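Here's the structure we're looking at; comments come further down.
Nothing in this text is a laboratory measurement; each read-out follows from the coordinates by a stated rule. Treat the numbers as computed from the prediction; the structure is a model and nothing was measured. Virtual Cβ from ideal backbone geometry, glycine too; neighbours counted across all protein chains shown.
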Amino acid sequence: MATPGLVISRESPTGPDLALLFERHTADMHADTPPESIHMMDASELDSPDIAFFVMRDAGRPVAMGAYKRISPTHAEIKSMHVLAEDRGRGLSRQMLAHLVAEAQADGLKRLSLETGVQPTFIAARALYERAGFTYCPPFEGYGADPNSVFMTRQLD
């Protein structure tokens, strides 16, 4: 269900008003994850033809972001899902994830995977992905076993 006033659109991750989203995302990723287990991409890394980057705006204000990176012709990895702390509790993460899934399907992808943390700060994220049909899987392309990471995947209809 869409929330009035919210718009999700494909944008450049280097947009001038996205700095707060990236600052908060970076701070959250570094809060309790060892540096060698952080797999986030910064704005310049996300600015790539193989990455679809989306921003959720509430009355024009960026409140969330999400992306997927194509890793094969039919498989992509979700990257940089983040909702500003002051906007959480409104179902925005669920809406962004649903948007990413729909866009991936429209792009002809058959599978979406992701890496997330095992720390308590990632409990809500893992629950969100589980509710959306993602299941735990072994590390996929570009990853190895890591005691600080879990991997999840979902076939797309």
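Note on the chain: GNM, Cα springs under 10 Å; of G142, G89, G60, the largest mean-square fluctuation is that of G142.
When shorter helices are ignored and each DSSP H run of at least 4 residues is given -39500 (n - 2.57), the per-residue value for the chain at 222 nm works out to -7500 deg cm²/dmol. Computed on the Cα atoms alone, the convex hull of region 67-157 gives a volume of 90 cubic angstrom per residue. What you get for the chain, charging only the Cβ of Lys and Arg (+1) and of Asp and Glu (-1), is a dipole of about 560 debye around the Cα centre. Converting phi to 3J(HN,Hα) with the Karplus coefficients 6.51, -1.76 and 1.60 and the offset θ = phi - 60°, region 142-157 yields x, 10, x, 4, 8, x, 9, 10, 10, 10, 9, 8, 8, 6, 9, 7 Hz in sequence order, with x at every glycine or proline.
Taking every alpha-carbon pair under 8 Å whose residues sit at least 6 apart, the chain reaches a relative contact order of 20 percent. Here the 3J(HN,Hα) profile of region 12-23, calculated from phi with Karplus coefficients 6.51, -1.76 and 1.60 at θ = phi - 60°, is 7, x, 9, x, x, 9, 9, 4, 4, 4, 5, 4 Hz, Gly and Pro shown as x. This structure gives Cα extents along the principal axes in Å, computed directly, and of [x] 41, 35, 29; [y] 43, 34, 24; [z] 56, 53, 31 that value is listed as [x]. Note on the chain: GNM, Cα springs under 10 Å; of A124, A43, A102, the largest mean-square fluctuation is that of A124. Karplus-based coupling profile of region 75-83, in residue order and whole Hz: 10, 9, 10, 6, 10, 6, 6, 7, 10, with θ = phi - 60° in 6.51 cos²θ - 1.76 cosθ + 1.60 and x standing for Gly or Pro.
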